[in-house]
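Okay, structure first, notes after.
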Amino acid sequence: MRQRVTAGEIEGFFDEYATRCRHRGPLEGHLRYVRHSVNRFVEYLRQEGRFVAPAATQAIYQPLLDAYLQWMRCYQHAAPATLALRAGSLAQFLRWLGPDAVPRRWARLDCEKVEQFVLSYASGKGRGARGAMPSALRTFFRFALRKGYLRQPLDRAVPLLRTYQWATAPRGLTAQQAQDVLQLSKIVRRRLQAAGIDLPGAAAHVFRHAFATRMLHKGHGLKAIADMLGHRRLSSTFIYTKVDFNALQQVALEWPREVSP
C-alpha cells in the first residue's frame, strides 16, 4: 500500500484524466468538479502527513506556460475551467519538447515537429482529448507569435483530427440476453392488468399484434406485414385477415399466393 502521494502524481492524474475523460456533459465543468474533489482529498493527505509537497524548483517551461495562461485570462477572458484544461494539455506538449521548451530555443520548432507530436499524442485518445489538444496548441502558438517567440504561424501546422460519430460497429444482443429481455412479458402483463386492459393471454406480444393490425388498417399488403413481422410463411400472417373484415373491405387487399419451396 502506498504511504505517500506526490504533487507530480496528482498533476499527472489531472493531465491524463483530461485526455481520457468521456463525460457526456460539458467537459470543462466536469473537470472543475473533479479538481475540486481531488484537492479536498489532497488536503486530507496533507493533514495526515502523506502528501509530498512540490519541490522549490519548477519546470523550465513553467514561466512560459504561466505567461500564456495570464494572456488567456486577461485578453481572451477564458474561464478557470478552460485555463485548467489548456494548462494540462500544454504541459504535455512542453514536457515532450524537453530542453527545447523555452522561447530562445524555438528556432528548432517547425511544422513537421508540431505535426509529429499531435499525431503521436492522438493515438488511442478519446474524442474529447483529440479535440482539446489541437485547440490548446493553436491558441498557444498564436500567443507565442504575438509575443515574438515564433517567426512563423505554427497554429496552421496543427493538424485537424477528425472524429467520426459512427466509427464503432453496432453491437447486438447475445442469445442469452435476448432471452432475458423476453422475460419482460411478465412486466407487460402486470402493467396491462393495472391499466384495466383485459386481453386473453396478454403479454409483450400484444404490441406486435397491434403493430400488424395498424399496418393492415393503413392499407399495407399481407406480404409487407409478413416481412415486417419476420414470418417465413404467409400462412402465419393470414391470422390478421380475421381482425377487421370492414377494414379489409375498405382497402381491398390482394390475397397473396404462397409458393411452396
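Where a number appears in this text, it was derived from the coordinates with a stated rule and is not lab data. Computed from a prediction, not measured in an experiment: that's the story for all the values here. Cβ sites come from the backbone with ideal geometry, for glycine too, and all protein chains shown count toward neighbours.
Couple of notes before you dig in:
- Summing charges over neighbours of C74, with a neighbour being any other residue whose Cβ is under 15 Å away from its Cβ, gives +4 when K and R count +1 and D and E count -1.
- All C-alpha pair distances within segment 5-157, sorted into 10 Å bins from zero, spread as 10, 38, 36, 14, 2, 0 percent across the bins.
- Restricting segment 32-117 to GluC sites (Glu not before Pro) in coil, as DSSP defines it, with at most 14 other Cβ within 10 Å: E48
- Under 5 Å, built H, 5+ apart or other chain: amide partners of V5: F51, V52
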